[in-house]
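Engineer: Just dropping this structure here.
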Amino acid sequence: MIAAPLSAQIALPGVQVPDVGGVLGTTTDVLDRTTRDLRGTVEKLARDRLRTIDRLVRRHGDVIERDSRGAPARRGEILVMDASAEALAAGEAAGFTVLSREEIEGLGFTVVRLQVPDGVDLTEAEETLARLMPQASVAPDNLHFQSGAATPSVSAPPLPLAASAAARGGAPVGVIDGAPGKAARVAEIRGFAKGAPYPSNHGSAIASLLAHAGAGPIRVADVYGTDDAGGNALAMAKGLGWLVGTGSEVVTISLVGPRNPVLERAIGAAQRKGVVVVAAVGNGGPAAPPAYPASYDGVVAVTAVDGRRRALIEAGRALHLDYAAPGADIHGIDAEGDRVRLRGTSFATPLVAARAALAIGRGRAWRTALDAQAEDLGREGPDETYGRGLICGSCEGVPKKSRD
């Protein structure tokens with residue numbers, strides 16, 4: 001699991017003959033040290049990911065708990081699909097309460113929210129309902145995390161916006177994230193969480209990159225708001241339904257969580273309507289579990305490189321990998337409209353999404369267009385580090401720091 005991503009980032013020093021023995025010894029020492037250092041970084045990323053989840057659950061234990069897999073989810077709620085009236089009645093007889101029936105707008109399915117009985121944790125609730133409703137799909141409302149960070153940059157260059165999407169012919173793009181601030185140029189924002197829409201630095205950076213790259217009309221589904229259990233699967237499914245219903249032909253998601261049947265069904269339904277879903281592989285490192293939604297079938301999974309085209313060491317993994325794009329040494333704007341430095345697979349994802357939208361808007365097959373643009377990095381052909389190649393490596397106007 002560690003060897004493939006790391007080996008692509010280790011360059012052996014040049015070997016000069018005839019002093020082969022001495023050079024080989026030095027080379028081996030350097031390689032061993034580099035491998036140990038990188039392995040230590042990978043292990044630290046894995047530990048940090050687990051600590052982050054632990055802190056989140058402890059800090060917001062009133063609304064968040066772990067599910068049967070140890071993943072964070074909304075406390076005391078279970079999502080059910082395809083349950084018959086008799087199955088729901090059996091659940092109610094066992095102490096579960098129907099909180100609501102959520103029609104997923106534009107995607108053609110319904111989710112029933114059940115309140116877990118007092119004193120019952122999510123693991124026991126999942127097991128009980130799976131036994132009572134063997135034909136239904138039963139899942140916790142899992143949380144998803146943003147896959148990047150923005151830091152102040154007093155020396156950041158201007159972030160000029162590209163020509164209007166209408167002039168450049170980009171197809172409409174939807175974003176599932178936090179809401180952008182007023183400085184971001186978007187067509188519409190709708191909230192799908194308590195307190196939403198609420199300005200987010202992460203959502204602002206994503207929107208600014210899309211606008212800068214010339215994406216079509218941008219609509220944003222805010223799935224965080226001020227909700228401590230924001231970024232949950234149900235909010236994301238509802239947000240996706242709204243984006244599809246309002247005409248988004250590409251949807252970009254820079255969030256990462258565990259596999260969840262509700263979100264998986266929503267994405268499948270959107271794809272059947274012809275929508276291209278693009279998602280980040282996350283920043284948990286190569287030892288992290290596969291990222292979702294990036295790992296769902298047909299989703300365009302995106303990783304990131306820095307200004308020197310090196311794969312980010314913190315880049316996560318998915319069950320497949322499609323493309324890489326710049327995700328470090330670039331700038332965007334935050335919720336206040338200030339220019340900030342960006343790092344993370346989050347910020348590579350909208351660059352790929354924008355390129356797909358431009359291709360669709362011009363009547364081209366998006367996959368053919370992206371493959372034609374992709375620069376092959378690493379070993380020849382598709383690989384586990386860069387996918388099918390680097391998109392937007394020399395995109396005009398994508399601001400980068402100096403490469404010296």
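Engineer: List the aspartates and glutamates whose alpha-carbon lies under 16 Å from that of Lys182, not counting same-chain residues fewer than 8 positions away?
Structural biologist: List returned: Asp222, Asp334, Glu336, Asp338.
Engineer: Arrange the peptides 200-208, 264-272, 285-293 so that the one whose residues have, on average, the most other Cβ atoms within 10 Å appears first.
Structural biologist: 200-208, 285-293, 264-272
Engineer: Another question, if that's okay. Using a Cα-Cα cut-off of under 14 Å, which aspartates and glutamates could be cross-linked to Lys273, ignoring same-chain neighbours fewer than 8 residues away?
Structural biologist: Glu105, Glu249
Engineer: Roughly speaking, to the nearest percent, how much of segment 320-382's 1.4 Å accessible area is carbon and sulfur?
Structural biologist: The value for segment 320-382 is 41 percent carbon and sulfur by accessible area.
Engineer: For a test of the definition: using alpha carbon positions, the gyration tensor, and the 1.5 limit on a/c, classify segment 178-284 as rounded, prolate or oblate.
Structural biologist: Rounded, because the longest to shortest axis ratio a/c is under 1.5.
Engineer: Separate question: Taking a ≥ b ≥ c as the square roots of the Cα gyration tensor eigenvalues, with a/c under 1.5 meaning rounded and otherwise prolate when a/b beats b/c, else oblate, which class fits segment 257-305?
Structural biologist: Cα axes put segment 257-305 in the oblate bin.
Engineer: Quick check: residue separation of Arg59 and Thr110 times 0.36 nm, minus the Cα distance between them. What number comes out in nm?
Structural biologist: 15.2 nm
Engineer: For an R0 of 56 angstrom, estimate the FRET efficiency from the Cβ-Cβ distance between Thr226 and Ala365 and round to the nearest 0.05.
Structural biologist: For R0 = 56 Å, the calculated efficiency reads 0.85.
Engineer: A further question on this structure: What is the sum of charges, Lys and Arg at +1 and Asp and Glu at -1, for the other residues whose Cβ falls under 10 Å from the Cβ of Arg69?
Structural biologist: Here the count lands on 0.
Engineer: Kindly identify segment 46-98 as rounded, prolate or oblate by the Cα gyration tensor criterion: order the square roots of the eigenvalues as a ≥ b ≥ c, call it rounded if a/c is under 1.5, otherwise compare a/b with b/c, prolate if a/b is larger, else oblate.
Structural biologist: Taking the square roots of the gyration eigenvalues as a ≥ b ≥ c, segment 46-98 is prolate.
Engineer: Also, I was wondering about something else. Find the relative contact order for segment 58-135 and round it to a whole percent, using C-alpha pairs within less than 8 Å whose residues are 6+ positions apart.
Structural biologist: Relative contact order comes out at 33 percent.
Engineer: Next up: How many Å² of accessible area per residue for segment 175-229, probe 1.4 Å?
Structural biologist: 34
Engineer: Shifting gears a bit: How big, in percent, is the set of alpha carbon pairs in segment 247-396 lying more than 22 Å apart?
Structural biologist: Result: 36 percent of Cα pairs exceed 22 Å.
The values are calculated or read from the model by the stated rules, or taken from the named source; none is laboratory data. Everything numeric here is computed off the predicted structure, so don't read it as measured data. Note: ideal-geometry Cβ built from the backbone for every residue, glycine included; neighbour counts use all protein chains shown. SASA here: full protein model, heavy atoms, side chains in, ligands and nucleic acids out. Shrake-Rupley method; radii C 1.70, N 1.55, O 1.52, S 1.80 Å.
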